[in-house]
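Colleague: Sharing a structure below in structure tokens format, with a few things to ask.
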Amino acid sequence: RAVVLDPLDSRALTIAGHVRAFLNHRLREAAALHERALELNPNLAMAWALSAITYAYMGDTDEAERRNKRYKALSPLDPHAFFFDVVFGIVHLLRHEYQAAAVAGRAFTQLNPSFSGGYKPYLAALGYLGYQDEAATVLRRLLVIEPDFSIERFLTRSPLEATADREHYAEGLRLAGVAA
């Protein structure tokens, strides 16, 4: 509705893009909305961050990382960093950089321990690293927030485009002790 009321509102465009990506899994449409937002306001940190998430879902980890670094340069003290920094965890996980994903996961889950999205790439990285004690603690925290979280639920809801990326992520969760 906000985009209809003001098609030049870059914030509304990028939020609409995130909804298209995360909820509707329409990643190309999301990317187009983010690009329009950035054309209108190339200094909107949120647009860089949300577009980074879309590129991570598309499996373009280099572009996702580049965009999220631009976001961080524009807004180094963003109060919503707990949400946007998860992109770095996803990027590292998809690149099989598990130690870096775990380090990132520790950081962004400390910023907001009640944001369930931060625990998932962190948990998958811990599974691949074989850090069972830490994974059990992280899983307990996640299940307090999202008690019905499972691999099946992850796979059903995941906006990750590539089957290989979804399966890789799910295998890390399985190794971390997440129920099927």
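The values are calculated or read from the model by the stated rules, or taken from the named source; none is laboratory data. Being a predicted model, the structure only gives us computed values, none of them experimental. Reconstructed Cβ throughout: ideal geometry from the backbone, glycine too, with neighbour counts over all protein chains shown. Side chains are part of the model used for accessible areas, which takes the heavy atoms of the whole protein and leaves out ligands, DNA and RNA. Shrake-Rupley method; radii C 1.70, N 1.55, O 1.52, S 1.80 Å.
Colleague: With an 8 Å Cα cut-off and a minimum separation of 6 or more residues, compute the relative contact order for the chain in percent.
Modeller: 18 percent
Colleague: Here's something else I'd like to know. Only one of the values (1) 9, 26, 30, 21, 11, 3, 1; (2) 11, 38, 35, 14, 2, 0; (3) 10, 38, 40, 12, 1 was calculated from this structure for P(r) over Cα pairs in 10 Å bins from 0, in percent; name its label.
Modeller: Of the labelled values, this structure produces (2).
Colleague: Round to the nearest 0.05 the FRET efficiency obtained for VAL19 and THR137 when R0 = 41 Å and r is the Cβ-Cβ distance.
Modeller: Using R0 = 41 Å, I get an efficiency of 0.80.
Colleague: Pick from GLY59, GLY105, GLY130 the residue whose mean-square fluctuation is largest in a GNM of the chain, springs joining Cα atoms under 10 Å.
Modeller: GLY130
Colleague: Now a separate question. What length, rounded to one decimal in nm, is gained on full extension from GLU167 through to ASP6, with 0.36 nm per residue of separation minus their alpha-carbon distance?
Modeller: 54.0 nm
Colleague: With every protein chain left in place, what is the accessible area per residue of the chain in square angstrom, probe 1.4 Å?
Modeller: With all protein chains present, the chain gives 48 Å² per residue.
Colleague: Based on the alpha-carbon gyration tensor of segment 97-146 and its eigenvalue square roots a ≥ b ≥ c, which shape applies: rounded if a/c is under 1.5, prolate if not and a/b is larger than b/c, or oblate?
Modeller: Here segment 97-146 falls in the oblate category.
Colleague: Taking the chain as the reference, fit the longest principal axis to its C-alpha atoms, fit the long axis of helix 119-129 to the helix C-alpha atoms, and give the angle between the two in degrees, 0 to 90, nearest 10.
Modeller: Computed tilt is about 50 degrees.
Colleague: Could you size up the charge dipole of the chain around its Cα centre, putting +1 on the beta carbon of Lys and Arg and -1 on that of Asp and Glu, and report it in debye to the nearest 20?
Modeller: 240 debye
Colleague: If you fit an axis through the alpha-carbon atoms of helix 61-74 and take the longest principal axis of the Cα set of the chain, what angle between them do you get, 0 to 90°, nearest 10?
Modeller: 70 degrees
Colleague: Extension gain ILE145-VAL103, at 0.36 nm per residue separation less the Cα-Cα distance, in nm?
Modeller: Between ILE145 and VAL103, full extension yields an extra 13.0 nm.
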